[in-house]
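Q: Before anything else, here's the structure in question.
The values are calculated or read from the model by the stated rules, or taken from the named source; none is laboratory data. Not measured: the values here are computed from a predicted model. Here the Cβ positions follow ideal geometry from the backbone for every residue, glycine too, while neighbour counts run over all protein chains shown.
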Amino acid sequence: MTTIQAIIIAIVEGITEFLPISSTGHMVITSAVMHIADDAFTKYFEVCIQLGAILSVLVLYFKKFIDFRHPSFYLKLIIAVIPSLIMGKLLNDFIDDNLGKPIVIAIVMISGGILLLFVDNWFRKPQIHTTDEIDHKLSFKIGLFQCLAIIFPGLSRSAATIIGGMSQKISRQAAAEFSFFLAVPTMFAATGYKSLKYIKEHGMFTSDQLVTIGIGNLVAFLVALLAIKLFISYVKEKGFRLFGVYRIILGIIVLILLQKGWIG
């Protein structure tokens, strides 16, 4: 992986991390299009730069994360992240070996797109309008929905948690914001686990790899700062239908490229 390729993947990550279109799926497809080797470091890089994008949440919602007068906020995130930690641990090797493939992601991308076409009509009358109204029970349920993104790469973590939240009568904006908050402990845990696993199996990172990781995280962080603001503004007014159409079109394009042998 060259520095330019790493920057391109990081830009894709920063744009897509908080959109319900699967950042992981986009990075896998981008790597395949650029014919980047599907090796251990590439897989690790595609996980660790998600942490860079997630750090933008800490910047944009800084006051929320340092308000220690309300410990319930932190407890809700802990409760919500537990299911995905267990599921990720149990299925990590199987997912890495069998599900992170362009054809699987394309199929899940299309399926999730069809779902997004109708989700706004299904959940028209929310009863919960702020993240403060989300209780511990709802937090756990959203955490269960997040597990779907682990089982089905290409579904999108944000799509799973936002739609899951909306199914529990949470407004689009509140569900999206809670999804952002939940991403912080989730990606800290995922990156920490992947880092230890990589070092155990392949040894310490080389200096070139560390530079690539640093550049990737920085680019993803800067791009994600803008993406979050645009996403919240758009979803609040327009909903998810456009994202559904995009997912379906992209999934079909990827299937065509695979059938033609233009990507592997």
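Q: For segment 12-31, does any single residue satisfy the condition of being in contact with a Pro (Cβ under 9 Å, 6 or more places away or on another chain), in contact (Cβ under 8 Å) with a residue 60 or more places away in the chain and either surrounded by fewer than 23 Cβ atoms within 10 Å (Cβ to Cβ) or under 15 Å from Ala220 (Cα atoms) (or both)?
A: Looking for residues that are in contact with a Pro (Cβ under 9 Å, 6 or more places away or on another chain), in contact (Cβ under 8 Å) with a residue 60 or more places away in the chain and either surrounded by fewer than 23 Cβ atoms within 10 Å (Cβ to Cβ) or under 15 Å from Ala220 (Cα atoms) (or both), one finds at least one in segment 12-31, hence yes.
Q: Can you find a residue that is surrounded by fewer than 22 Cβ atoms within 10 Å (Cβ to Cβ) and not hydrophobic (A, V, I, L, M, F, W, C) anywhere in segment 45-54?
A: no
Q: So for segment 167-185 (the condition being within 18 Å of Leu55 (Cα to Cα), among the β-branched types (Val, Ile, Thr) and surrounded by fewer than 24 Cβ atoms within 10 Å (Cβ to Cβ)), does at least one residue qualify?
A: yes
Q: Hey, Ile114 hits all of (1) touching a Ser or Thr at 6+ places or on another chain (Cβ under 6 Å); (2) modelled with pLDDT of 90 or more but one; which does it fall short on?
A: So the condition that Ile114 fails would be (1).
Q: Only one of (1) surrounded by 13 or more Cβ atoms within 10 Å (Cβ to Cβ); (2) over 17 Å from Arg172 (Cβ atoms) is not met by Phe240, so which one is it?
A: Status for Phe240: all satisfied but (2).
Q: Find the residue count for segment 147-162, including only residues that are surrounded by fewer than 24 Cβ atoms within 10 Å (Cβ to Cβ) and modelled with pLDDT of 90 or more.
A: Matching residues across segment 147-162 total 2.
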